[in-house]
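Remarks on the structure that follows.
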Amino acid sequence: MTKIFVQISILLLVATQVLAQSDQELAVSQALAAKTINEVEQIGGKQKFYVEHTDQLNSDVTQTNWRPAKGKKIGRIALLTLSINGKIFYSEIYSWDINDEFDGFDHQILQSKLDSTFSFPSFDPDHLERLPNRTTFGYGCGAAGQMPEEGKKMLTLVQAANTDELKNWLFSINPVRQAYSYLGFCLLQANGTELDTDIKTKMSQVKESGLLVYFCDGCIIREPMSLSEVLDDTSIKRFTARQQ
């Protein structure tokens with residue numbers, strides 16, 4: 001009797017895992033097939049995706065970060081969509097976990113889909129920030145007063161004098177990357193690097209932009225502020241002075 005009970009328990013466990021996997025695969029396939037934000041919100045079944053937060057990017061693009069239904073043990077996977085007026089042109093399913101150094105997160109894109117009719121010259125999925133992070137601009141954030149992840153990456157590019165990648169950031173779909181690129185080029189200028197005219201022209205456009213980004217200052221994340229506000233001359237001068 002005990003042996004039969006154990007066998008039945010094992011079969012039930014396997015069946016539950018298979019069903020859970022099927023629910024997950026169904027939700028993922030429906031999410032990637034969705035052409036509008038409304039379709040993602042209406043995904044049925046046991047597995048669903050809920051909006052964690054949204055951010056405004058260039059060209060009237062909205063980035064939406066989605067988490068799986070709360071309480072559903074389907075692993076650390078998430079959904080990212082880019083849309084214009086609710087119509088999705090890019091979507092991806094990705095996994096994330098703490099990296100080996102326990103100081104950040106590793107992400108792996110599992111599946112993605114890009115509408116071939118969409119055109120943005122410098123669109124690069126690597127410029128999109130993913131959960132559990134949020135694309136945020138700041139000079140010194142958190143208890144340690146450090147820059148967010150995108151800011152740290154910018155400092156690495158500056159140290160390597162990687163002007164090509166900084167230029168890619170300057171023309172990015174992500175306004176936060178543009179803001180950090182602006183800072184990076186300011187640092188290079190302060191160290192004597194001569195910049196091309198096209199870079200200077202784009203920097204002026206970024207600095208005067210009214211596009212809104214989330215701004216962090218210490219442990220506070222403020223309401224969205226325009227690039228022209230966060231890239232004020234006083235803050236930039238203090239920042240470049242600290243880095244030299």
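Looking only at residues of the stretch 154-190 that are without any contact (Cβ under 8 Å) to a residue 24 or more places away in the chain and aliphatic (A, V, I, L, M), we find that the one that is least open to solvent (accessible area, probe 1.4 Å) is L166.
One line per residue, one yes/no per condition, for (1) small (G, A, S); (2) farther than 20 Å from T36 by Cα; (3) part of a loop (DSSP other than H, G, I, E, B):
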{"position": "T64", "(1), (2), (3)": "no, no, no"}
{"position": "R67", "(1), (2), (3)": "no, no, no"}
{"position": "A78", "(1), (2), (3)": "yes, no, no"}
{"position": "I93", "(1), (2), (3)": "no, no, no"}
{"position": "Q108", "(1), (2), (3)": "no, yes, no"}
{"position": "S119", "(1), (2), (3)": "yes, no, yes"}
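Looking at D106, D115, just one residue is of a type in the set (D, E, K, R), free of Cβ contacts under 8 Å to residues at least 40 places away in the same chain and within 30 Å of Q146 (Cα to Cα), and that residue is D106.
If I221 satisfies every condition in (1) open to solvent by 60 Å² or more (accessible area, probe 1.4 Å); (2) assigned to a helix (DSSP H, G or I); (3) of a type outside the set (K, R) but one, which is the exception? Here I221 meets the rest and fails (2). Counting only residues that are assigned to a strand (DSSP E or B) and touching a Leu at 6+ places or on another chain (Cβ under 7 Å), the stretch 203-218 holds 1 of them. From the list F137, F118, the one residue that fits, being open to solvent by less than 80 Å² (accessible area, probe 1.4 Å), aromatic (F, W, Y), out of contact with any Lys or Arg (no Cβ under 8 Å at 6 or more places or on another chain) and more than 26 Å from E223 (Cα to Cα), is F118. One residue is enough: does the stretch 23-36 have a residue meeting the conditions basic (K, R), surrounded by 13 or more Cβ atoms within 10 Å (Cβ to Cβ) and in contact with a Pro (Cβ under 9 Å, 6 or more places away or on another chain)? So far as the stretch 23-36 goes, no, none of its residues is basic (K, R), surrounded by 13 or more Cβ atoms within 10 Å (Cβ to Cβ) and in contact with a Pro (Cβ under 9 Å, 6 or more places away or on another chain).
For the stretch 156-183, a residue qualifies if it is part of a helix (DSSP H, G or I) and more than 16 Å from D126 (Cβ to Cβ), and the qualifying residues are V158, Q159, T163, A179, Y182, L183. Suppose we filter the stretch 3-56 for residues that are modelled with pLDDT of 50 or more and either within 28 Å of L128 (Cα to Cα) or assigned to a helix (DSSP H, G or I) (or both); how many remain? The total comes to 34.
The values are calculated or read from the model by the stated rules, or taken from the named source; none is laboratory data. From a predicted model like this one, the values you see are computed outputs, not experimental measurements. Don't worry about glycine lacking a Cβ; one is built from the backbone with ideal geometry, like all the others, and counts go over all protein chains shown. Side chains are part of the model used for accessible areas, which takes the heavy atoms of the whole protein and leaves out ligands, DNA and RNA. Shrake-Rupley method; radii C 1.70, N 1.55, O 1.52, S 1.80 Å.
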